[in-house]
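Read-outs throughout are calculated quantities, based only on the coordinates presented, and are distinct from any laboratory measurement. In this text the structure is predicted, and so the values were computed from the model without any measurement. Counting neighbours? That spans all protein chains shown, and the Cβs are built from the backbone with ideal geometry, glycine included.
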């Protein structure tokens, strides 16, 4: 007899058959929902926590999440946010309905959404209805490759900024906006994938990470995205304001850049390898760099530098300091991940 404790939970008794085999019957609704029949095979996994996971490998049913939005009920300035929320929910199809024909502003928002995400395309476009579909298979986008791509984008921004400080041509910053948009798009993609990992055992297996680790990686990509915001701010500063003459690359705040570059490279490499001492070293260097930048900013306010130069140096120092702070957060997240990987569960 089954005791119903919720829509997706039932308590069932273990039965002994043949004197040596223990069995538990499967809920009929679960079998029917997955399109299974007698003699179909299922896969049973023994998880590290001791729980068993039943996977309907033989199921021919494909599940796709859909989200329907009514533009008449959403303020125009919030429509993009609702589209992003639908994307992060893992929606494969998004329907936007309207009582009145879509305006140019609406269509501009739809195009911006498609550019800001990975794999979303406009499938059908009518006067009163738009259908967006996802063409991306989450299994085809490895998590760690996307994270590494985010790291490469923001580090390239910092490298180009350093080159401008040394007298380089500002034309190398022309694609700064595109790189910033790509960092944002990768953050959304990774958050979408993390959500799908939490819901789907098959995606969890194919992407090679656990649900617990996916939650930590979600924190990490948000942190990288915030670092990307400040690397973009540095490029924007160099594009729109005159760079003070006589900047010494071996003095604060610029001398922090190679320290950050070395530290973040160590941290990102430890997503795959397990060298705790490297994480410790990187975090210690970043903490010292952050403290030095904070003291630099205090001293700058009492200096006799020209106002325009002082503002430039102060904004540069603040962004570098925040990048260091976020990199420290990355180190802490990696320690969490490594500790969880190395932990053992003991039954008592």
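Some points to look at:
- Given [x] 20.0; [y] 23.7; [z] 25.1, the label whose value is mean projected area of the Cα convex hull in nm² derived from this model: [z]
- The mean sequence separation of alpha-carbon pairs under 8 Å and at least six residues apart, normalised by the residue count of the chain, gives a relative contact order of 12 percent.
- Computed over every Cα-Cα pair of region 142-342 and binned at 5 Å starting from 0, the pair-distance distribution P(r) comes out as 1, 7, 16, 18, 18, 14, 10, 7, 4, 2, 1, 0, 0 percent.
- With the gyration tensor restricted to C-alpha atoms of region 59-131, the semi-axes of the equivalent ellipsoid amount to 21, 13, 12 Å, longest first.
- Spin-label pair residue 114/residue 297, simplified geometry with 7 Å Cα→Cβ offset, distance in nm: 4.2
- Shape descriptor for region 115-242: Rg over Rh equals 1.08 (Cα atoms; Rh from the Kirkwood inverse mean 1/r).
- Sorted by Cβ neighbour density within 10 Å, fewest at the top, the residues 218, 324: 218, 324
- Spin-label model distance (nm) - residue 78 vs residue 272, 7 Å beyond Cα toward Cβ: 4.4
- Cα convex hull volume per residue for region 238-279 (Å³): 82
- Normalised by the number of residues in region 66-134, the mean separation of alpha-carbon contacts (under 8 Å, six or more apart) gives a relative contact order of 35 percent.
- Per-residue extension of 0.36 nm, minus the Cα-Cα distance of residue 97 and residue 26, leaves a gain of 21.5 nm for this segment.
- In the elastic network of the chain, a GNM with C-alpha springs shorter than 10 Å, the most mobile of 313, 78, 141 is 78.
- The angle between the Cα long axis of helix 143-165 and the longest principal axis of the Cα atoms of the chain comes to about 10 degrees, rounded to the nearest 10.
- Taking the number of Cβ atoms within 10 Å of each Cβ as an exposure proxy, the fewest-first ranking of 309, 177 is 177, 309.
- Once C-alpha pairs closer than 8 Å and six or more residues apart are averaged by separation and normalised to the residue number of region 151-248, the relative contact order reads 45 percent.
- Exposure proxy ranking for 105, 96, based on other Cβ atoms within 10 angstrom of each Cβ and starting from the fewest, stands as 105, 96.
- Distance from region 278-348 to region 75-134 (C-alpha centre basis), Å: 38
- Gain upon complete extension [residue 122, residue 247; 0.36 nm per residue less C-alpha separation]: 40.1 nm
- Given their separation in residues at 0.36 nm each and the Cα-Cα distance between them, residue 40 and residue 342 gain 105.0 nm when the chain is fully extended.
- Estimated translational D of region 193-290 in µm²/s (Stokes, Kirkwood radius over Cα pairs; 20 °C; 1.002 mPa s): 132
- More than 14 Å apart - percent of Cα-Cα pairs taken over region 121-167: 70
- At q = 0.19 Å⁻¹, base-10 log of I(q)/I(0) for region 81-165 (Debye sum, equal scatterers on each alpha carbon): -0.89
- Calculated on C-alpha atoms, the gyration radius of region 272-348 divided by its Kirkwood radius gives an Rg/Rh of 1.25.
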